Amino acid sequence: MRALTDVTSEILRKWRESRGWDVPRMARELRKAARDTGEDVAAHHGLVKMIPQWERGNRAPRERYRLLYLKVFQDMLGDLPPGMAFGTELAVRLAGVRSRAARLPGPDEIRALEIRQAMAELDVHVAEVEASVAALKALLADDEAAGEEEQARRG
C-alpha cells in the first residue's frame with residue numbers, strides 16, 4: 001500500500017485548503033467519514049490537535065486516518081500520479097471492505113449468541129415443566145382429599 005504512505009503532509013494540507021476548510025471543519029469531515037464507515041476515531045478536540053501535526057509533518061497519521069482522508073478527498077485523487085491514484089483508490093475500497101468485515105460477528109460472538117438462545121429456550125421449557133408439576137401436584141392433592149373423604153364416609 002505504497003500509495004497511503006506517499007500521501008505527504010503537504011498533500012494533506014493542500015487538500016484541506018483547496019476546500020477552504022479550517023482545521024475544525026477538517027476534523028468534522030474526518031469524523032463524518034468515520035461514522036459512515038463505522039470506524040472509531042479520536043474526539044473532535046483530539047483531531048483538531050492532531051491535524052496540524054500531520055500537516056506539518058511532525059507526526060504521521062495512522063493508517064485509519066490516512067484512509068479517512070482518502071475517503072473525504074476521493075474526488076481529488078486525480079491530482080495524484082496515475083499509479084498512486086489507482087493504489088489509493090484500491091486502498092479506499094479495501095478499507096470499506098475491512099470496515100464491513102469488522103462489523104460482522106466473530107466466532108466467539110456467534111457462540112455466545114447461540115448459548116443465550118439455548119438458555120432462553122431452556123428457561124421456557126423449565127417454566128413449562130414447573131407449570132406441569134404444579135398441575136400434577138394439584139391433581140394429586142385433589143385425589144388425596146377425595147380419597148380421605150371416601151375413607152371418612154366408609155369408616
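Tabulated data for the structure shown
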quantity	calculated
Selected residue (criterion: nearest to residue 59 (Cα to Cα)) from residues of segment 1-30 that are exposed (fewer than 12 other Cβ atoms within 10 Å of the Cβ) and at pLDDT below 85	5
Some residue of segment 70-83 being in a helix (DSSP H, G or I), in contact with a Leu (Cβ under 8 Å, 6 or more places away or on another chain) and at pLDDT 80 or above	yes
Qualifying residue in segment 132-155 (condition: modelled with pLDDT under 80, over 25 Å from the mean Cα position of the chain (by Cα) and either not in a helix (DSSP H, G or I) or not aromatic (Phe, Trp, Tyr) (or both))	yes
Subset of segment 31-48 [in a helix (DSSP H, G or I) and surrounded by 12 or more Cβ atoms within 10 Å (Cβ to Cβ)]	31, 32, 33, 34, 36, 37, 44, 47, 48
Boolean, residue 25 is part of a loop (DSSP other than H, G, I, E, B) and of a type in the set (Lys, Arg)	no
Residue match in segment 91-98 (condition: modelled with pLDDT of 80 or more and in a helix (DSSP H, G or I))	no
Hits in segment 49-68 - residues which are surrounded by fewer than 20 Cβ atoms within 10 Å (Cβ to Cβ) and modelled with pLDDT under 85	63, 64
Only one of 43, 33 that is of a type in the set (A, V, I, L, M) and over 23 Å from residue 104 (Cα atoms)	43
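The values are calculated or read from the model by the stated rules, or taken from the named source; none is laboratory data. Predicted, not measured: the structure shown is a model, and the values here were computed from it. Neighbour counts are summed over all protein chains in view; Cβ atoms, including those assigned to glycine, are modelled from backbone coordinates with ideal geometry.
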